[in-house]
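Below you'll find the structure I mean.
The values are calculated or read from the model by the stated rules, or taken from the named source; none is laboratory data. The shown structure was predicted, so the numbers you read here are calculated from the model rather than taken from an experiment. Neighbour counts are summed over all protein chains in view; Cβ atoms, including those assigned to glycine, are modelled from backbone coordinates with ideal geometry. When the accessible area is computed, the model is the full protein with side chains, heavy atoms only, and any ligands, DNA or RNA have been set aside. Shrake-Rupley method; radii C 1.70, N 1.55, O 1.52, S 1.80 Å.
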Amino acid sequence: MKSSLLSLPGAVPAEGVDEGVAAHYGDLFREQRAFADGVGFVDLSHRGVVTVTGDDRLAWLHLLLTQHVTDLPAGQATEALILSANGHIEHALYLVDDGTTVWMHTEPGTQEALVAYLESMIFFYRVEVADRTADFAVVELPAGSIAEAPESVVVRETPYGRDLFLPRADLDSWAEKAGPAAGLLAHEALRVEQHRPRLGFETDHRTIPHELGWIGTAVHLQKGCYRGQETVARVQNLGKPPRRLVFLHLDGSEVVLPPHGTELRVADEAPDGRTIGFITTSVRHHELGPIALALVKRNVPVDAPLMADSTAAAQEVVVEP
């Protein structure tokens, strides 16, 4: 979905999976500072929007998701994963129930596969699944924002801000009142600072929830059976994940940020030393400078200085080894 807000002054389009919204509006650090201070909004209207309606919606989703949602109170935000049979992460969902409908937003372009999977699992349950991406746009107000959401709009409130499911036809008129707009790069910089993983960035085809710290926030350990639960329980009770998420402070003298997939090695080893992980997301933060999230092997010492290609990196623990 291409956002109508790309017509705002100074808008520079994002690329890759985030194509369709603005990366920034001409002043990256000013936008970051304002958003961090609770001012403005970020256009996330390229994300997929899926709804589930029907009397059985929560009981049915409870059987499919990693999260406990049977008694999810109306208006309470949560997040959940859908795993493969082997426990690998396939979908990350950001949900809220408004009393009659479960609303969720997902990574751009994943909603069709998500809807297809959900519809294949309906069987005799009284539920209806719909892709509402063409009709609704997600925007995020930052934590501390005093902006008011339109009365009829579904709101998903979290410690990091409020997600609004706006009718797409109202996006332009709402943005005129809610500004100033901050680009997606501002959102991503704060996400990295907050150590929040993102599907497709911090995940690959073999990622399990324990590696990213999603146990507890998106995975409930005391709920019934769901696909992939056996792997979750086994790692939780008997072992450790093979990799762990880390937060990196990058050498600020480097002009170019190491992109997603840049291999990491321990700085004390030879330049052609063994690969111990890779950069997942790197950003420029308005206060911290260049920072990143990365996945490394679990047994890498937590105090080991790292190298991302030619860029030095100091790590902070996110997921304990």
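Does residue 183 meet the test of being open to solvent by less than 20 Å² (accessible area, probe 1.4 Å), within 23 Å of the chain's Cα centre (by Cα), touching a residue at least 60 places away in the same chain (Cβ under 8 Å) and farther than 28 Å from residue 32 by Cα? Show your work before the answer.
Details: open to solvent by less than 20 Å² (accessible area, probe 1.4 Å): yes; within 23 Å of the chain's Cα centre (by Cα): yes; touching a residue at least 60 places away in the same chain (Cβ under 8 Å): yes; farther than 28 Å from residue 32 by Cα: no.
No; evaluated as a whole, the condition is false for this residue.
So how many residues does the range 262-275 have that are surrounded by fewer than 21 Cβ atoms within 10 Å (Cβ to Cβ) and closer than 17 Å to residue 203 by Cα?
2
Could you please let me know if residue 125 is under 20 Å from residue 65 (Cβ atoms) and either in a loop (DSSP other than H, G, I, E, B) or modelled with pLDDT under 95 (or both)?
Details: under 20 Å from residue 65 (Cβ atoms): yes; either in a loop (DSSP other than H, G, I, E, B) or modelled with pLDDT under 95 (or both): yes.
The answer is yes for residue 125.
Right, here's the next one. When the residues of the range 199-255 are narrowed to those that are surrounded by fewer than 22 Cβ atoms within 10 Å (Cβ to Cβ), among the basic types (Lys, Arg) and more than 22 Å from residue 110 (Cα to Cα), which ends up modelled with the highest pLDDT?
234
Report yes if residue 77 is under 17 Å from the mean Cα position of the chain (by Cα), in contact (Cβ under 8 Å) with a residue 24 or more places away in the chain and surrounded by fewer than 21 Cβ atoms within 10 Å (Cβ to Cβ), otherwise no. Lay out the reasoning, then the answer.
Numbers: under 17 Å from the mean Cα position of the chain (by Cα): yes; in contact (Cβ under 8 Å) with a residue 24 or more places away in the chain: yes; surrounded by fewer than 21 Cβ atoms within 10 Å (Cβ to Cβ): yes.
Yes: the conditions hold for residue 77.
Out of the range 225-237, which residues are at negative phi, part of a loop (DSSP other than H, G, I, E, B) and in contact with a Ser or Thr (Cβ under 9 Å, 6 or more places away or on another chain)?
Result: 226, 227.
Within the range 44-58, is even one residue small (Gly, Ala, Ser) and over 18 Å from the mean Cα position of the chain (by Cα)? Don't jump to the end; show me each part of the working.
Step one: of the range 44-58, the residues small (Gly, Ala, Ser) are 45, 48, 54.
Those left that are additionally over 18 Å from the mean Cα position of the chain (by Cα): 54.
For the range 44-58, residues small (Gly, Ala, Ser) and over 18 Å from the mean Cα position of the chain (by Cα): present.
Determine the pairs where a residue that is at pLDDT 95 or above, located within the range 141-169, has a partner that is open to solvent by 90 Å² or more (accessible area, probe 1.4 Å) and part of a strand (DSSP E or B) with Cβ atoms under 9 Å apart, the partner being 6 or more residues away or on another chain.
163/157
Would you call residue 26 modelled with pLDDT of 95 or more, open to solvent by 20 Å² or more (accessible area, probe 1.4 Å) and not aromatic (Phe, Trp, Tyr)? Walk me through how you get there before you give the answer.
Numbers: modelled with pLDDT of 95 or more: yes; open to solvent by 20 Å² or more (accessible area, probe 1.4 Å): yes; not aromatic (Phe, Trp, Tyr): yes.
Against the criterion (modelled with pLDDT of 95 or more, open to solvent by 20 Å² or more (accessible area, probe 1.4 Å) and not aromatic (Phe, Trp, Tyr)), residue 26 qualifies.
Take the conditions of a type in the set (Lys, Arg), touching a residue at least 60 places away in the same chain (Cβ under 8 Å), crowded, with 18+ Cβ neighbours inside 10 Å and out of contact with any helix residue (DSSP H, G or I) (no Cβ under 6 Å at 6 or more places or on another chain) and apply them to residue 47. Does it pass? Walk me through how you get there before you give the answer.
On the way: of a type in the set (Lys, Arg): yes; touching a residue at least 60 places away in the same chain (Cβ under 8 Å): yes; crowded, with 18+ Cβ neighbours inside 10 Å: yes; out of contact with any helix residue (DSSP H, G or I) (no Cβ under 6 Å at 6 or more places or on another chain): yes.
Spelling it out, residue 47 is indeed of a type in the set (Lys, Arg), touching a residue at least 60 places away in the same chain (Cβ under 8 Å), crowded, with 18+ Cβ neighbours inside 10 Å and out of contact with any helix residue (DSSP H, G or I) (no Cβ under 6 Å at 6 or more places or on another chain).
Separate question: Among residues belonging to the range 150-195 that are touching a Leu at 6+ places or on another chain (Cβ under 8 Å) and assigned to a strand (DSSP E or B), point out the one that is farthest from residue 96 (Cα to Cα).
Filtering the range 150-195 for residues that are touching a Leu at 6+ places or on another chain (Cβ under 8 Å) and assigned to a strand (DSSP E or B), the one farthest from residue 96 (Cα to Cα) comes out as 181.
So, residue 130, is that one within 15 Å of the chain's Cα centre (by Cα), in a strand (DSSP E or B) and at pLDDT 95 or above or not? Before the answer, list the steps.
Numbers: within 15 Å of the chain's Cα centre (by Cα): no; in a strand (DSSP E or B): yes; at pLDDT 95 or above: yes.
No.
Has the range 168-180 got at least one residue that is within 19 Å of the chain's Cα centre (by Cα) and at negative phi? Steps first, please.
Step one: list which residues in the range 168-180 are within 19 Å of the chain's Cα centre (by Cα), which gives none.
No; the residues of the range 168-180 include none that is within 19 Å of the chain's Cα centre (by Cα) and at negative phi.
Using the structure shown, decide if residue 280 is open to solvent by less than 60 Å² (accessible area, probe 1.4 Å), within 17 Å of residue 196 (Cβ to Cβ) and not hydrophobic (A, V, I, L, M, F, W, C). Step through it out loud before you land on a result.
On the way: open to solvent by less than 60 Å² (accessible area, probe 1.4 Å): yes; within 17 Å of residue 196 (Cβ to Cβ): yes; not hydrophobic (A, V, I, L, M, F, W, C): yes.
It is true that residue 280 is open to solvent by less than 60 Å² (accessible area, probe 1.4 Å), within 17 Å of residue 196 (Cβ to Cβ) and not hydrophobic (A, V, I, L, M, F, W, C).
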